[in-house]
Amino acid sequence: MQDIPGIHNIVAVGSGKGGVGKTTVSVNLAIALSRMGNRVGLLDADVYGPNVPLMMGVNEAPLTDGQQIKPIFKEGLRIMSMGFLNPGDKPLVWRGPMLHNVMQQFLRQVQWGELDYLIIDLPPGTGDVQLSLMQSTKLTGAVVVTTPSDVSLEDARKAVNMFHQVKVPVIGMVENMSYLIAPQSGERIDVFGHGAGKKTAEVMKVPFLGELALIPAIREGGDSGKPVGLEGPQSANAAGFYEVAKVVEARCQELAGASGPTMTVSD
Ligand SMILES: Nc1ncnc2c1ncn2[C@@H]1O[C@H](COP(=O)(O)OP(=O)(O)O)[C@@H](O)[C@H]1O
Ligand SMILES: [Mg+2]
C-alpha cells in the first residue's frame, strides 16, 4: 500500500536521545540509498534541532507555487527541512496542533515526485511529532540509532517500544560511535564497552543493523556540508553506512512483500 502517492517506502530514523548520530545516519543512509540507484527524499522532521540543511550544505529556501512546496535538490536527494522555515539560531516554539499540521504539509504538500525511499529524521524521544506522524501515515519501518552507552540504550529501548506500540515495524537498531581506531597503532578502542547494542537488539527481538565507528571525518563531513556518504562505498569512512543501507533496502523489500496486496493468478 502506498499511503502517499508515488512514495514506495517511508523509513523513519529515530532515537531515544539527541546527539547519538540520528541526523548523521539519516543523511548518510539517504546518500547511500541514492548512490545505490534509488530515488530518495530526505525529510528533516526534527523540530527541535533541524540540522539537515547544515549537514547537506543547503543555504537556500524552498520555493512554492502557492499550492505545493518544491523540495531542494542536492547531491541527488530531494530535501525538505523544518530548518528551511526558520533559518538561524532562533528556536521556533511549536505547539501540538501546529506540529501536526506542519508535518502533514511536509509529507503531502511537498512535490516529492516518485520516490523509492523517503527517509525521515525524527526528533529524539517519543513525543508529539513522532506519534502524530505515525498515526497519520503508513511508515514502512523505523531505524533506531543508539550509542553503546547504557543511558543511550535505555532510551533506545523506549523508542523501540514506541514503534511496537503504534505497530510500525522496526527495521533494526544501529549502534553508532561504537568504537575508535587509534590513529597511530590502528588499535580498536571500545570507548563505551563492546556488544551492548547487539545484545539489546537481541533482547528486544529486533534486527541489529551493525556498528558504525567513531571517525573524525564523519563529524567533519557533517559540519562542512559534505557527508562522508558522498565518498562512496569504497571509502572506509562511508562503508558502514552503505552496509546499513543494504540491510535497510533488503528489509524494506521484505516488509513490502509481507504487507503488499496478495497476487492472484488468473487464467
Ligand atoms: N560515527 C561518528 N563519528 C564521528 N562523529 C559522529 C559520528 N556520528 C555522529 N557524529 C557527530 O556527532 C554529533 C551529533 O550527531 P548528530 O547526527 O547531530 O546526532 P543527533 O541527530 O542524534 O542529535 C555531530 O557533530 C556529528 O557529526
Ligand atoms: Mg539531529
Once amide H atoms are placed 1.01 Å from N in the peptide plane, what residues at a sequence separation of 5 or more from ILE120, or on another chain, have their amide H within under 5 Å of its amide H? VAL11, ALA12, VAL13, LEU43
Towards the positive end of the charge dipole of the range 48-195, with charges on Cβ (+1 Lys, Arg; -1 Asp, Glu), say which of THR146, MET82, LEU131 has the farthest Cα. LEU131
Looking at the chain as a GNM with Cα springs under 10 Å, which of VAL168, VAL25, VAL58 has the largest mean-square fluctuation? VAL58
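Can you tell me the dipole magnitude for the range 1-129 around its Cα centre, using point charges on the Cβ only (Lys, Arg +1; Asp, Glu -1), in Debye to the nearest 20?
Values: 10 positive and 11 negative charges, 20 e Å.
Roughly 100 debye for the range 1-129.
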Quick one: Debye curve from the alpha-carbon atoms of the range 74-178 only, equal weights, vacuum; give me log10 I(q)/I(0) at q = 0.11, 0.14, 0.15, 0.16 Å⁻¹ to two decimals. -0.41, -0.67, -0.77, -0.87
Average Cα contact separation per residue, the range 75-233, under 8 Å, 6 or more apart, as relative contact order %: 17
Given Cα pairs under 8 Å that are at least 6 residues apart, what percent is the relative contact order of the range 23-140? 35
Of PRO53, PRO216, PRO207, the most mobile residue in a GNM of the chain (C-alpha springs, cutoff 10 Å) is PRO216
Calculate what fraction, in whole %, of the accessible area of the range 135-267 sits on carbon and sulfur atoms when a 1.4 Å probe is rolled over the protein chains. 55
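Quick one: dipole size for the chain, taken about the Cα centre, charges +1 on Lys/Arg Cβ and -1 on Asp/Glu Cβ, in debye to the nearest 20. Please report the intermediate quantities before stating the final value.
Working: 22 positive and 26 negative charges, 70 e Å.
For this selection, approximately 340 debye.
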Can you bin every Cα-Cα distance in the chain into 5 Å intervals starting at zero and give me the percent of pairs per bin, rounded to whole numbers? 1, 6, 13, 18, 20, 17, 12, 7, 3, 1, 1, 0, 0, 0
What is the set of long-range amide H partners of ILE69 at a cut-off below 5 Å, with H atoms built 1.01 Å from backbone N? VAL110, GLN111
How large is the convex hull of the Cα atoms of the range 1-114 per residue, expressed in Å³ as a whole number? 124
Theoretical ellipticity at 222 nm over the chain - DSSP helices of four or more residues, -39500 (n - 2.57) apiece, nearest 500: -11000 deg cm²/dmol
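How much net charge surrounds THR126 when only other residues with a Cβ under 10 Å from its Cβ are counted (Lys, Arg +1; Asp, Glu -1)?
Details: positive: LYS158; negative: ASP128, ASP155.
For residues surrounding THR126, the net value is -1.
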Stokes-Einstein D for the range 1-66 at 20 °C, 1.002 mPa s, Kirkwood Rh over Cα pairs, in µm²/s? 157
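In debye, nearest 20, what is the charge dipole magnitude of the range 128-267 about its Cα centre with +1 on Lys and Arg Cβ and -1 on Asp and Glu Cβ, if you could check?
280
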Using each residue's phi in the range 11-22, evaluate 6.51 cos²θ - 1.76 cosθ + 1.60 at θ = phi - 60° and report the 3J(HN,Hα) Karplus result to the nearest Hz, with x for Gly and Pro. 10, 8, 10, x, 7, x, 10, x, x, 8, x, 5
Return the single residue from ALA45, ALA12, ALA201 with maximal mean-square fluctuation; model: Gaussian network over the chain, springs between Cα atoms under 10 Å. ALA201
Can you list residues from other chains, or at least 5 along the same chain, whose modelled amide H is less than 5 Å from the amide H of ILE7? LEU115
In whole angstrom, the spacing between the Cα centers of the range 186-261 and the range 1-58 equals 14
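With a 1.4 Å probe and every protein chain left in place, work out the accessible area per residue of the chain in Å², rounded to a whole number.
Values: 12710 Å² over 267 residues.
Ligands and nucleic acids excluded, the figure is 48 Å² per residue.
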Partner lysines for LYS158 [C-alpha distance under 30 Å; skip if fewer than 8 residues away on the same chain]: LYS17, LYS22, LYS90, LYS138, LYS167, LYS198, LYS199, LYS205, LYS246
Among HIS194, SER178, TYR48, flag the residue with its Cα farthest along the positive direction of the charge dipole of the chain, charges on Cβ as +1 for Lys/Arg and -1 for Asp/Glu. TYR48
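The values are calculated or read from the model by the stated rules, or taken from the named source; none is laboratory data. It should be emphasised that the depicted structure is a prediction, and the values quoted were computed from it without experimental measurement. In this analysis, Cβ positions are derived from the backbone assuming ideal geometry, glycine residues included, and neighbour counts consider all displayed protein chains. The area values use the complete protein model at the heavy-atom level, side chains included, leaving out ligands, DNA and RNA. Shrake-Rupley method; radii C 1.70, N 1.55, O 1.52, S 1.80 Å.
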